[in-house]
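Asker: Starting off with a structure, shown below.
Each value in this text was obtained by applying a stated rule to the coordinates, not by laboratory testing. On a predicted model such as this, the values are computed, not experimentally measured, just so you know. All Cβ positions, even for glycine, are placed from backbone atoms using ideal geometry, and neighbour counts span all protein chains on display.
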Amino acid sequence: MNDVFLKACRGEEVPYTPVWLMRQAGRYMKEYQDVRSQVDFLTLCKTPELAAKVTLQPVDILGVDAAILFSDILIPIEAMGMRLEFSESKGPLLSEPIRNRTLVDRLTVPVPEDDLDFVLETIRILRRKLSVPLIGFSGAPFTLATYMIEGGSSKNFLNTKRMMFEKPTLFNDLMEKITHTVILYLSAQINAGAQAVQLFDTWAGMLAPQDYREFALPYVKKTIAKLKKHGVPVIYFVNDCAGILMDIKKSGADVIGIDWRVDIGEAVKKIGKKCAVQGNLDPCALFLSEDRLRERVEDILQKAKSAKGHVFNLGHGVLPDTPVEAARALVKAVHELSGE
Ligand code: CP3
């Protein structure tokens, strides 16, 4: 087992910097498209043999040091009782957005072993096949709440912020239900074999810092505190994290994921030696020439040297048009330039 990724998460000494890419499985890869042309996206997520197959593709093709479970952050929301569809043009759609007491009370906290067993089965299949660690994941409570309240993606999150400001008790009750769901879901993933877990807080960077501290951070802290007993590294990624890094540091995460809008050297100075960092190449840098890509990799590796530990990653997910060759070249560059 290649455990370089887990060592870097814990801040232990490593022979080279491990690398994986957020959204490393997906449409930019022909092998993914071949599977996806046979089934719709939700069927792919819910068919363990197929989900395991596409999880393995980037491990084999790119040579990354960790696999991430193939699923979606919206899967547990469906299990809480909302109807989910993926539209080709509009992205995810959740019907009857949660905006009142009746709808909050109607949501259930799923039992992962019953309601989400297809995810746990995917993990069990993967652990038999993988020779790199498997990362499980969930959306963080605030990001899940935005999808539930907005009914899909959003530009300014007005419905979410209105609930925070106009009905704080209702918002809190919704967040408590989501937090409970996330804790059970990630604990079940770990029990099934996930060796690290990542919380994706894609939209928390849309909050004013004081609102992040009041309406998002407490629920992340609670989630991470409950997961501690399992002893696996917890990675917490907030997209657009610059303005709230000092608060994110208080989340209790073992590894803090950094998006590309921040200089990773500055981020490491703020974070200090308490947690490791993950990141943070601009996903668009995969469209640079190979020489210039290598320069950027070298720069990030140098700047992250003073961190407790560094897991190389993009600052957000791989974009659909990315050349697979560039992703391969990136993995190779990280390994070569960091010492393998
Ligand atoms: O990283 C991986 O390789 C694991 C798989 C993974 C997917 N989604 C697959 C996916 C993970 C970890 C996610 C997380 C996710 N999903 C997030 C958080 C991370 C982030 O990107 O900020 C969010 C916000 C979602 C919600 C979501 N899922 C949206 C908005 C969309 C539509 C936009 C798009 O890219 O099409 C999805 C669909 C989705 N999730 C796809 C994949 C591969 C594309 C589906 C397809 O095959 O058509």
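Asker: May I ask for the distance between the Cα centers of the stretch 126-173 and the stretch 238-275, given as a whole number of Å?
Answerer: So the separation of the two Cα centres works out to 19 Å.
Asker: What's the magnitude of the charge dipole for the stretch 4-124 around its Cα centre, counting Lys and Arg as +1 and Asp and Glu as -1 at the beta-carbon? Answer in Debye, nearest 20.
Answerer: Rounded to the nearest 20 debye, it is 400 debye.
Asker: Here's another thing I want to ask about it. Just subtract the alpha-carbon distance of Q38 and T102 from 0.36 nm times their residue separation and send over the number in nm, one decimal. Could you put the intermediate results ahead of the total?
Answerer: Details: separation 64, 0.36 × 64 = 23.04 nm, distance 3.86 nm.
Stretched out fully, the Q38 to T102 stretch lengthens by 19.2 nm.
Asker: Moving on to the next point. Provide Rg over Rh for the stretch 143-297; use the alpha carbon set for both Rg and the Kirkwood Rh (inverse mean inverse pair distance).
Answerer: Reported Rg/Rh, Kirkwood definition of Rh: 0.99.
Asker: Given the options T223, T55, T322, state which has the largest fluctuation in a GNM of the chain using a 10 Å cut-off (strictly under) for Cα springs.
Answerer: Maximum among the listed residues: T322.
Asker: In the stretch 116-166, which trypsin sites (Lys or Arg not before Pro) are in a loop and have at most 12 other Cβ atoms within 10 Å, using DSSP for the loop call? Can you show the working numbers first?
Answerer: Numbers: sites: R124, R127, R128, K129, K155, K161, R162; in loops: K155.
Here the sparse-neighbourhood loop sites are K155.
Asker: Which trypsin sites (Lys or Arg not before Pro) from the stretch 274-340 combine a DSSP loop assignment with at most 15 other Cβ atoms within 10 Å?
Answerer: Loop-located and lightly packed - K274.
Asker: Which value in Å does the Kirkwood hydrodynamic radius of the stretch 210-340 take, with 1/r averaged over all unlike C-alpha pairs and then inverted?
Answerer: Numbers: mean 1/r = 0.0647 Å⁻¹.
Computed over the stretch 210-340, the radius equals 15.5 Å.
Asker: Could I have the simple spin-label model distance between E85 and E49, label points 7 Å from Cα toward Cβ, reported in nm to one decimal?
Answerer: According to this spin-label approximation, the distance is 2.9 nm.
Asker: Figure the gain on full extension for M1 and L158 (residue separation times 0.36 nm, minus the Cα-Cα span) and round it to one decimal in nm. Please list the in-between numbers first.
Answerer: Values: separation 157, 0.36 × 157 = 56.52 nm, distance 4.64 nm.
My answer for the length gained is 51.9 nm.
Asker: OK, next. Quick one: Cα centre-to-centre distance for the stretch 293-319 and the stretch 1-18, in angstrom?
Answerer: 14 Å
Asker: From the Cα trace of the stretch 182-236, what convex hull volume per residue do you get, rounded to a whole Å³?
Answerer: 71 Å³
Asker: Follow-up question, since we're still on this one. About the Cα centre of the stretch 161-226, what is the dipole size in debye to 20, counting +1 per Lys and Arg Cβ and -1 per Asp and Glu Cβ, all else neutral?
Answerer: Charge dipole of the stretch 161-226: 60 debye, to the nearest 20.
Asker: Oh, and also: Work the Kirkwood hydrodynamic radius out for the stretch 1-47: mean of 1/r over every pair of different alpha-carbon atoms, inverted, in Å.
Answerer: Result for the stretch 1-47 stands at 13.2 Å.
Asker: Continuing with the same structure: How are the Cα pair distances of the chain distributed, in percent, across 10 Å bins from 0?
Answerer: Percent of pairs per bin, in order: 6, 27, 36, 25, 6, 0.
Asker: Rounded to the nearest 500, what is the 222 nm mean residue ellipticity of the chain from helices alone, with -39500 (n - 2.57) per DSSP H run of 4+ residues and division by all residues? Working shown, then result.
Answerer: On the way: 17 runs with 165 residues, N = 340.
One gets -14000 deg cm²/dmol as the mean residue ellipticity at 222 nm.
Asker: Which GluC sites (Glu not before Pro) from the stretch 50-139 combine a DSSP loop assignment with at most 10 other Cβ atoms within 10 Å?
Answerer: The qualifying sites are E88.
Asker: If the limit is 28 Å between Cα atoms, which of K46/K332; K226/K273; K90/K270; K7/K226; K30/K305; K90/K222 go over it?
Answerer: K46/K332; K90/K270; K30/K305; K90/K222
Asker: Rounding to the nearest 20 debye, state how big the charge dipole of the chain is about its Cα centre with +1 on each Lys and Arg Cβ and -1 on each Asp and Glu Cβ.
Answerer: Here the chain has a charge dipole of around 920 debye.
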